[in-house]
Amino acid sequence: MVRSENKPAIGILGGTFDPVHFGHLRTGLDVVEQLSLDQLRLIPCAIPPHRIEPVANAKQRRMMLELAIKNHPKLLVDDRELSREGPSYTVDTLLSLREDFPDTPLFLLMGTDAFCSLPSWSRWQEIIDLAHIVVMQRADEAFLLSDELQAFYDKHQAEPADIELNAGKIWSVPVTQMSISATAIREALEQGRDVRYLLPDAVISLIEQLGLYSQISSAPATDG
């Protein structure tokens, strides 16, 4: 995707990152490369509206993210949700980003599961006015939408020329096949199994140093 040099663009990838792993990082980089983004902001949420409370606290998750992306010129940690009270609603985060970047194309990255659940998000129809939506699709994932969401997708589906717009379009981007989940990593760590090659070594070292995930509840979790 070719972009005008005077029109930089920012990607946004939110999540609990509990812990951050290569599934987050590699798919994010896939989008950076395919849409020629100048920056990808990884935004850890404080209170996820649709998931259980993270095991690691805000400071620990931010530290893991910073270690994971250290020295990569296009990746940075944005902790604005951690300093905001209440649930971490994406629309509020985008409104905050729009104040900082009023004339910059913003691309909100999400997986297919998240996109399929979009109508359950707070003020979800406002999101497309604030940013583009990037649906990250892995080869094995079905993309079955409700009638309402299919109409929304068809209305806003992007064309190559739309890359210069600040918001308003939906991009479907194929990403690397990596079936890694934070839930499985936490369970493996609790059971004392080796998690090398699932997440950066620096993150594993910090987890070991802080003793994270060694004794966690067996209550089900759904984050990826």
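Details
- Wholly enclosed strands (runs of 3 or more DSSP E) of region 92-186 bearing at least 1 residues hydroxyl-bearing (Ser, Thr, Tyr): 170-174
- Region 49-67, residues that are in contact (Cβ under 8 Å) with a residue 12 or more places away in the chain, outside any loop (DSSP other than H, G, I, E, B) and farther than 22 Å from Ala9 by Cβ: Ala58, Gln60, Arg61, Arg62, Met63, Met64, Leu67
- Of the residues Asp79, Asp18, the single one that is in a loop (DSSP other than H, G, I, E, B), of a type in the set (D, E, K, R), surrounded by 21 or more Cβ atoms within 10 Å (Cβ to Cβ) and at pLDDT 95 or above is Asp18.
- Flag if Pro48 is modelled with pLDDT of 95 or more and either buried (at least 17 other Cβ atoms within 10 Å of the Cβ) or β-branched (Val, Ile, Thr) (or both): no
The values are calculated or read from the model by the stated rules, or taken from the named source; none is laboratory data. Here the structure is a predicted model, which is why all the values come from computation and not from measurement. As a convention, Cβ positions derive from the backbone with ideal geometry for all residues, glycine included, and neighbour counts pool all protein chains shown.
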